[in-house]
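The values are calculated or read from the model by the stated rules, or taken from the named source; none is laboratory data. Just so it is clear, the model here is predicted, and its values are computed rather than measured. Cβ placement follows ideal geometry from the backbone for every residue including glycine, while neighbour counts extend to all protein chains displayed.
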Amino acid sequence: MIGKWNRSVIATYVGMLFAVAAIFLLFANLTGYAMMCFMAAGICDLFDGTIARMCKRTEEEKNFGIQLDSLVDVVSFIMLPVVMVIKLAGITWYAAAACAMYTVFGVARLAYFNVCQEESEDKDSPIKYYTGMPVTYAALIFPAIYLLNRLFTGQVIGLLMCIAMEISALLFILKLKFIKPGKKGYIFLMLLAVALFVLYIIFGR
């Protein structure tokens, strides 16, 4: 078989499957569960690099992992939010504009990240900061906004999602430095994700 199927990439594949499940749940009108799958995809992405670096890999496997990660990010953190916004905001001009902007800038950010990784001499060396906001942050931003559905109507939530999408798109391509989370940062993000999961179990389904 072509491709790589060892444990260094399993978390990446699992994260993508969570994203695909989220899309199915959106069309089944189970938006709360879709958001939970979205966050699970983000958690997988948070740790897939750490898992990969723990594995002994050839140079080919390292390069494959870089390309796979970005391709999966397109599915999980670019196309899934687009489907989500279309479902929540409807076929409107502002949803179309937000989705177009988000898709173009998100893909450009991922391509830039790939080039930086390919030019790096040591692909196993963890980077200290990101240039531009990582697309993975979408897995916290959009679920957090959707929790407001208990306070606002569906139209308002759809509009808020579009605004968040446009702001996120700009943050993808602006030359701002985002510190890569260390151990404490990972713990904080995990606790935040757990808190959101609990809120969805109680309120958001």
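Brief remarks on what is shown
- Tabulated pairs, the stretch 37-51, first under 18 Å from residue 21 (Cβ atoms), second aromatic (Phe, Trp, Tyr), C-beta under 6 angstrom, 6+ apart or interchain: 37/18; 40/18; 41/18
- Test for residue 10: is it under 17 Å from residue 196 (Cβ atoms) and among the β-branched types (Val, Ile, Thr): no
- All conditions in (1) touching a residue at least 40 places away in the same chain (Cβ under 8 Å); (2) closer than 27 Å to residue 93 by Cα; (3) touching a Ser or Thr at 6+ places or on another chain (Cβ under 9 Å) hold for residue 168, with the sole exception of (3).
- When 165, 133, 190 are checked against the criterion of being at pLDDT 95 or above and under 30 Å from residue 32 (Cβ atoms), a single residue qualifies: 165.
- Hits in the stretch 10-61 (condition: farther than 20 Å from residue 137 by Cα and either among the β-branched types (Val, Ile, Thr) or outside any helix (DSSP H, G or I) (or both)): 10, 28, 29, 30, 54, 55, 56, 57, 58
- Total residues in the stretch 187-205, condition within 15 Å of the chain's Cα centre (by Cα) and either crowded, with 17+ Cβ neighbours inside 10 Å or not aliphatic (A, V, I, L, M) (or both): 2
- Scan of the stretch 94-119 for residues that are under 29 Å from residue 155 (Cβ atoms) and among the polar types (S, T, N, Q), ordered by number: 103
- Filter result for the condition that a residue is more than 13 Å from residue 39 (Cβ to Cβ), surrounded by fewer than 14 Cβ atoms within 10 Å (Cβ to Cβ) and touching a helix residue (DSSP H, G or I) at 6+ places or on another chain (Cβ under 9 Å), over 179, 173: 179
- Residue that is surrounded by the fewest Cβ atoms within 10 Å (Cβ to Cβ) [pool: residues in the stretch 39-94 that are closer than 19 Å to residue 109 by Cβ and touching a Cys at 6+ places or on another chain (Cβ under 7 Å)]: 82
- Selection of first residues in the stretch 147-160 that are outside any helix (DSSP H, G or I) and of second residues that are surrounded by 13 or more Cβ atoms within 10 Å (Cβ to Cβ) and not polar (S, T, N, Q), restricted to Cβ pairs under 8 Å at least 6 apart or on distinct chains, gives the following pairs, ordered by first then second residue: 152/160.
- Here the condition is being of a type in the set (A, V, I, L, M), in a loop (DSSP other than H, G, I, E, B) and closer than 24 Å to residue 159 by Cα; of 91, 86, 78, it holds for 91 alone.
- The condition of being surrounded by fewer than 15 Cβ atoms within 10 Å (Cβ to Cβ) and touching an Asp or Glu at 6+ places or on another chain (Cβ under 9 Å) holds for only one of 6, 29, that being 6.
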